[in-house]
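This report concerns only the one structure given below.
The values are calculated or read from the model by the stated rules, or taken from the named source; none is laboratory data. Being a predicted model, the structure only gives us computed values, none of them experimental. Here Cβ is always computed from backbone atoms with ideal geometry, including for glycine, and neighbour counts include all displayed protein chains.
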Amino acid sequence: MSEYVLGIDTSNYTTSIALVDMDRNIILDKRQLLKVPKGKRGLRQSDALFQHINNMPLLFKEIRNLQICDRIKGVCVSSKPRPINKSYMPVFKASTSFGQTISNVLGCKYFECSHQENHIRAALHSINGQVGKKFLAVHISGGTTELLSVKRNSKIGYTIDIIGGSTDISVGQFIDRTGVKMGFDFPAGAQLDKIASNSNGKITEEVKIFTKGSEISLSGPETKISKLIEKKIDKEYISLLVFECIIKGLSSMINYATKNYNINEVILVGGVASSNFIKAHLCSRIKDSTSIYFAKASHCSDNAIGSALIGAEAVFQEE
């Protein structure tokens, strides 16, 4: 009979659980977006934690219905944002608390990984692990824009070094702040991406974006675009302008890093990596010797698939 590993992730805006078998097949993938009041640009950590606690019992009903609890051999949770010391956010206490409780009740193994490793592992599963043992990852989400040098560990997890990224606001913040200012609900990424992707319009002006090596700054473009919104500039044009700035910044980071770190495989992870506009336009700005990999949209947005897979690998190593 099959055996399973449970993954749990409680990020800033999504409660997620996933169940995989020991052959790395995804058996269950359930998520619940947290509710953000209209007009707001985010949630306080305490409010997000409260919603996670309320969402967990609803999601776990799905596992009870499968009637396989006696065959769950491990629980792996996202316990912090990044795999480094002193990395901490209160929302991940929901993951660790529920994970440890389930481990104690079922008598199964308990493991922890970081939210960032969860994203990377889920993305690699989506592309069937096509990259080598060392590669670059661009983590772009609501709170993160980081260029990472990633090396698979000999057992489980990854060694990750931050080698670039945004020096101020993240790509996700840039998109969401712009979208909310235009009247869209938070998070606004999917709405702006749809408008930009369906547009046949052309950009008639340049918004300068600061780039230095593998670093970018987005506060300048945000200020410029905020002024255009105040002038009642068309939402379609604004959406195109936002994603043009993002493409310019990402391509600058990637081209610098692949040249200076001699790594030519790059995978995009995190919620913003699901953007259809980025998928359609980024590769044309990247040098030909670089291989760019995009995960499935379902494996880009916040999920617990990666945590479950890392847990399955940990269980396998111990057996």
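Structure notes:
Every residue, every condition in (1) of a type outside the set (Phe, Trp, Tyr); (2) over 22 Å from the mean Cα position of the chain (by Cα); (3) buried (at least 16 other Cβ atoms within 10 Å of the Cβ), yes or no:
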residue: MET182; (1), (2), (3): yes, yes, yes
residue: SER226; (1), (2), (3): yes, yes, no
residue: LYS232; (1), (2), (3): yes, yes, no
residue: PHE243; (1), (2), (3): no, no, yes
residue: GLU265; (1), (2), (3): yes, no, yes
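- The criterion of at least 1 residues that are of a type in the set (Asp, Glu) is met by the following strands (runs of 3 or more DSSP E) wholly inside region 193-304: 215-217, 265-269.
- Test: residue in region 27-40 that is in contact (Cβ under 8 Å) with a residue 40 or more places away in the chain and in a helix (DSSP H, G or I): no
- Condition broken by LYS109, with the remaining ones in (1) under 30 Å from GLY189 (Cα atoms); (2) in contact with a Cys (Cβ under 9 Å, 6 or more places away or on another chain); (3) of a type in the set (D, E, K, R) satisfied: (1)
- Boolean, ASN198 is out of contact with any helix residue (DSSP H, G or I) (no Cβ under 9 Å at 6 or more places or on another chain) and outside the structural domain of PRO57 (by TED's automatic domain parsing): no
Each row is one residue, and each column tells you yes or no for (1) modelled with pLDDT under 95; (2) part of a helix (DSSP H, G or I); (3) out of contact with any Leu (no Cβ under 8 Å at 6 or more places or on another chain).
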{"position": "HIS52", "(1), (2), (3)": "no, yes, no"}
{"position": "LEU59", "(1), (2), (3)": "no, yes, yes"}
{"position": "ASN65", "(1), (2), (3)": "yes, yes, yes"}
{"position": "SER79", "(1), (2), (3)": "no, no, yes"}
{"position": "PHE92", "(1), (2), (3)": "no, yes, yes"}
{"position": "SER95", "(1), (2), (3)": "no, yes, yes"}
{"position": "SER103", "(1), (2), (3)": "no, yes, yes"}
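- Among the residues making up region 204-235, those that are more than 26 Å from THR258 (Cβ to Cβ) and in contact with a helix residue (DSSP H, G or I) (Cβ under 7 Å, 6 or more places away or on another chain) are GLU222, ILE225, SER226, LEU228, ILE229, LYS235.
- Checked against the criterion of being small (Gly, Ala, Ser) and surrounded by 20 or more Cβ atoms within 10 Å (Cβ to Cβ), the candidates SER46, SER2, SER11 yield just one match: SER11.
- When PRO187 is tested against (1) surrounded by 23 or more Cβ atoms within 10 Å (Cβ to Cβ); (2) assigned to a helix (DSSP H, G or I); (3) not polar (S, T, N, Q), exactly one condition is not met: (2).
- Cross-chain or 6+ apart pairs with Cβ under 9 Å, region 47-66 first and more than 15 Å from ARG31 (Cβ to Cβ), then part of a helix (DSSP H, G or I) and of a type in the set (S, T, N, Q): ILE53/SER97
- Among the residues making up region 14-43, those that are among the polar types (S, T, N, Q) and surrounded by 15 or more Cβ atoms within 10 Å (Cβ to Cβ) are THR14, THR15, SER16, GLN32.
- Within region 67-77, if we keep just the residues that are touching a helix residue (DSSP H, G or I) at 6+ places or on another chain (Cβ under 9 Å), not in a helix (DSSP H, G or I) and not hydrophobic (A, V, I, L, M, F, W, C), the residue that is farthest from LEU309 (Cα to Cα) turns out to be LYS73.
- Residue match in region 304-317 (condition: surrounded by 16 or more Cβ atoms within 10 Å (Cβ to Cβ), assigned by TED's automatic domain parsing to the domain that holds ALA18, polar (S, T, N, Q) and under 30 Å from CYS76 (Cβ atoms)): yes
- Per-region count, region 1-34, residues over 17 Å from ALA308 (Cβ atoms) and under 18 Å from the mean Cα position of the chain (by Cα): 4
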